[in-house]
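Peer 1: My structure is below; once you've seen it, I'll send some questions.
Just so you know, all these numbers are worked out from the coordinates, no wet-lab data involved. None of these values were measured; they are calculated from a predicted model. Cβ sites come from the backbone with ideal geometry, for glycine too, and all protein chains shown count toward neighbours.
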Amino acid sequence: MLDLHVGLLGAGVMAQTHLEAWITLGARVSVYSADGRHTHLAAAHSAQGVEAAPSREHLLEHCTLIDICTPTRTHKELILAAVGAGRHVVCEKPLAMNPEDAQEATDAAARAGVHLFPAHVVRYFPEYEALHRAVASGAVGEPAILHFTRTTAYPDWSSWFQDPSQSGGILTDQMIHDFDYACSLVGEPVRVYAQVREHDGDPRIASGTAVLTHANGAISYFHGLWGQPGTTFRTTFRVAGSDGVLHHDSHRTTAFRVLAQHDADAGAPIPQTWLSENPYASELREFATTIATGRPSRVTARDGVTAVRVATAARESARTGRAIDLTAEEATR
Amino acid sequence: MKVGLLSFAHTHALSYATLLRDMEGVELLTTDPDAPLHDAAPAWPRGQELARELKVDYADTYDEVFAWRPDAVIIASENSRHRGLTELAAQHGVDVLCEKPLATTVADAEAMIEACRRAGTRLAIAHPVRFSPAYAAARAAVRAGHLGKILSVRGANYGQLTDDARAWFADPVLAGGGALMDHTVHIADLLDDLLGNARATEVYAQSNTLLRPGSVTETAGLVTVAYDNDTHVTIDCSWSQPRHHPQWGDVELQIVGEKATVEFTAFAQSVSGYDERNRQATVHPWGTDLDERLLRAFLFGPGEDGIEVAVGEAGLRTLRIVMAGYASTCSGQPSTVA
C-alpha cells in the first residue's frame, strides 16, 4: 500500500488507466476534471475510496502528487500550477506541445524542488525492459541500427486528437513513445527526418515514418500507424549491433489469444487482460518510490523535454521536407 | 517461514533454491544426500558444491533438515523417491510440495495421499503452468461461460531431454518412464483444473524412441484422452526440443468450445535474437516467473486470480492417465483409466 494522496486531473481514457493503476498500488485518489466528467469516474470507483474533488485548487491544496491526464494543450499551465503549489507531478506524454513549454515546465519544477515525471510508459512494458537489460548487458554489442513500429487504432475517444495543433498528430502523439525509448537505448539524436501521410478524407488514418541519427552514430527508424477500423494493437522492434541482433513482435508474444468467438459483438467479448504486471502500475510505482526515497526513476523530466524536442523537429521535417539538425536547434536556444 | 528443499535431483530444484533464497519471510535449508557420485559431472555439480554455488544453506541429511523443524518441505528428488520422502515429511507433520509426477506407481501415489491425510498435512504438487497469467485468462473465459461446452483441447508440452544434467531422467526405474511420464501430467493437470468435475475415461497413446535411438524409455509420445463429458484431448508429451535450442520447450493449449476457440502459449513472452560472438540463438524471457507464483501459492495461499496449487488427489488422477497411456502403448488399443 502506498502512503500517497494522488490528485488526478482529467477523466478520459488515460485518467481511467492511471486511476486503475493507482488503485492497484493502494494509493488514495481524488479526481477533478474541468468538464465535470470526474464525478462519474469517481462514482465508478467509490468502492475503492476514490473521491471527486470540488475544484482544481482543492486537489492542489490537499494532494501530495498531481497526476495530469488532460489534453496536451493544457499540460504546461497545469504543471506550472501544481509545482507552484509545491506538488510533485506525473504528466501524461507529451510533456507539452513544444520544447520551449516543456523546458519551462521542467525548470519550474526544478526551482520548486519537486519531481516532474513524464509518463513515457513504454519504458515499463516488460518486453521493452527486457530489451533494455539485454542491450545494457552487451547482447548485441554496439547497437547500430534500430527499428521500432507501432500500430494502433486511432484514439477516437476524444475529438481534440483530430486537431494537429492540439495533439501534434501521429508523430507527436503516438510515435513519441518510441522516440523516447530509442533515446533511452542509444542516447540523444543529432538529426531527424520524418514524413507523414494521412488518408485524404480521414485524418484518423495516418502513417508516419522517421529516421533519427544519434550522437553516437546509431540510426533508428520509426513507423507509426493509426490504422483502418479494426486495426489491432501491434508493436515490433529489431535492434542490430556489432555482435548480434534482438527482435520482438507483439503478435508472436501474445500469450493468450481468442481465435474466434460466436456472437462476440453481442455484448460479452472475452476480456483481454495484462498477461504480466500492468506497466502503468510499474511506472507509477517507480515514480512514487522516487518521491519517497529519492532513488532516481528511469524517466526524468529532461527525457520528456528531449522527446518533445525530437517529435517537434520531426513535424518540422515532415512539413518542410528537410532534415532537421537538432544540435543547431539546441545551440540557438 | 522455514522451508526445506529435499534433493537437487530434479533440475527445477535450482530454480526453487534461488527463488526461496531471495523470498522475503522465508528461511531455506537444502540437502541432497542421495546425489550419485558418478552423476556429478564437473559441469553439473550436486550436493554441497551446488548449494555453495547457489549460495544456500546446506545440511548433510534429510534428518538434519527435519530436526531444524521446517514448516514445509519441497521434494525435488527422482520420481521413484517421492514416496519415501513424503512419508518422512508426514511422520514429522510437515507440509509437502512434491515435484511432478506425484509418483511412478498408483500404489505409491495412494500411499502418499494416505500418509498425509493421516498426519493432517498438505500434499501439493509442483505444476507451475497453472500459474501462467495466460492460462488464467483462458480459465477465466471458460469459467465465465464464453466458450460454452468444451468440445476438444489440443495440448502440447514439448521440452528438452535433460539427461546430460541429470542422468536419471532416462532411467526407467528412477523416472518411472520416459517422456510420457515426464510431460503428460502437465497438460493433464491443467485439464483437471479446467474441466472441473469431468474425469478421464479412456486413453490411447503411441510413443517412440526415434529422437534418441537406443533409449530404454520413450522420448516422444502422443496421448489422446477421452473424458466423461465427451471432451476429447490430445497431448504431445515429447522430449522434442533440440538440446541446443535456446528455449527449453513450451506448453501450449488450444481450447475449442461451442461458442469460442481460445489458445495460449505459456512461454511465448520473450525477446529473441542471435548472439554472433557465441554463434547461438538467444531468448530473453520477460514473462511472469511461474515457479515463483507456484511457491508463493503453496507457502502463502493463492494470488488474485484464485488459482490454487494442485493437490495429491489431482496428482493421482493425472498419474492414472499416464498409466493408461502406457497400457495403451503395449496393447495398441485404447485403454480404460483405472
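Peer 1: Explain nothing, just compute: Karplus ³J(HN,Hα) = 6.51 cos²θ - 1.76 cosθ + 1.60, θ = phi - 60°, for every residue of the range A:178-183 in order, whole Hz, x for Gly and Pro.
Peer 2: Each residue of the range A:178-183 in turn: 7, 4, 4, 5, 4, 5 Hz.
Peer 1: Continuing with this model, one more query. Arrange the peptides B:207-217, A:119-129, B:123-133 so that the one whose residues have, on average, the most other Cβ atoms within 10 Å appears first.
Peer 2: The densest-packed peptide leads the list: B:123-133, A:119-129, B:207-217.
Peer 1: Another one. Once Lys and Arg get +1 and Asp and Glu get -1 on their Cβ, which of A:172, A:141, A:184 lies farthest toward the positive end of the dipole of the range A:91-185?
Peer 2: Among A:172, A:141, A:184, the one farthest towards the positive end of the dipole of the range A:91-185 is A:141.
Peer 1: Nearest 500 deg cm²/dmol is fine: what mean residue ellipticity at 222 nm does chain A get from its DSSP H runs of n ≥ 4 alone, each adding -39,500 (n - 2.57), divided by its residue count?
Peer 2: -11000 deg cm²/dmol
Peer 1: Taking chain B as the reference, fit the longest principal axis to its C-alpha atoms, fit the long axis of helix B:12-22 to the helix C-alpha atoms, and give the angle between the two in degrees, 0 to 90, nearest 10.
Peer 2: Roughly 60 degrees, rounded to the nearest 10.
Peer 1: Continuing with the same structure: Which ³J(HN,Hα) values in Hz, rounded to whole numbers, follow from the phi angles of the range B:304-313 under the Karplus curve 6.51 cos²θ - 1.76 cosθ + 1.60, where θ = phi - 60° and Gly and Pro get x?
Peer 2: Those phi angles translate into 4, 6, x, 6, 9, 5, 5, 9, x, 4 Hz.
Peer 1: How much mean residue ellipticity at 222 nm does chain B get from its helices, if each DSSP H run of length 4 or more adds -39500 (n - 2.57) and you divide by all residues, to the nearest 500 deg cm²/dmol?
Peer 2: Estimated from H runs of four or more residues: -10000 deg cm²/dmol.
Peer 1: Among A:22, B:68, which comes first, second and so on when ranked by fewest other beta-carbon atoms within 10 Å?
Peer 2: Taking fewest neighbouring Cβ atoms as first place, the list is B:68, A:22.
Peer 1: Go through B:261-268, B:184-191, B:142-149 and give me the packing order, highest mean Cβ count within 10 Å leading.
Peer 2: Order by mean packing, descending: B:184-191, B:261-268, B:142-149.
Peer 1: Rounding to the nearest 20 debye, state how big the charge dipole of the protein assembly as shown is about its Cα centre with +1 on each Lys and Arg Cβ and -1 on each Asp and Glu Cβ.
Peer 2: Value, rounded to 20: 720 debye.
Peer 1: Rounded to whole Hz and in sequence order, give me ³J(HN,Hα) for the range B:260-269 from the Karplus expression 6.51 cos²θ - 1.76 cosθ + 1.60, θ = phi - 60°, writing x for Gly and Pro.
Peer 2: Karplus-based 3J(HN,Hα) across the range B:260-269 equals 7, 10, 10, 8, 9, 10, 5, 10, 7, 8 Hz.
Peer 1: Suppose a student asked you for the relative contact order of chain A, using Cα pairs under 8 Å spaced at least 6 residues apart; what percent would you report?
Peer 2: With pairs under 8 Å counted, the relative contact order is 20 percent.
Peer 1: Separate question: Need one number: nm distance between label points at residue A:144 and residue A:162, each 7 Å from Cα along Cα→Cβ, rounded to one decimal.
Peer 2: Inter-label distance under the simple model: 4.6 nm.
Peer 1: Then there's this: Put +1 on the Cβ of every Lys and Arg and -1 on every Asp and Glu Cβ in the range A:5-120; which of A:86, A:53, A:106 then has its Cα farthest towards the positive end of the dipole?
Peer 2: Ranked along the dipole, the leading option is A:53.
Peer 1: Moving on to the next point. Placing +1 on the Cβ of each Lys and Arg and -1 on the Cβ of each Asp and Glu in the protein assembly as shown, which of A:291, B:254, A:203 has its Cα farthest towards the positive end of the resulting dipole?
Peer 2: Ranked along the dipole, the leading option is A:203.
Peer 1: List nothing, just return the count: lysine pairs in the protein assembly as shown, 8 or more apart or interchain, with Cα separation under 23 Å.
Peer 2: Lysine pairs, 8 or more places apart or on different chains, close enough: 4.
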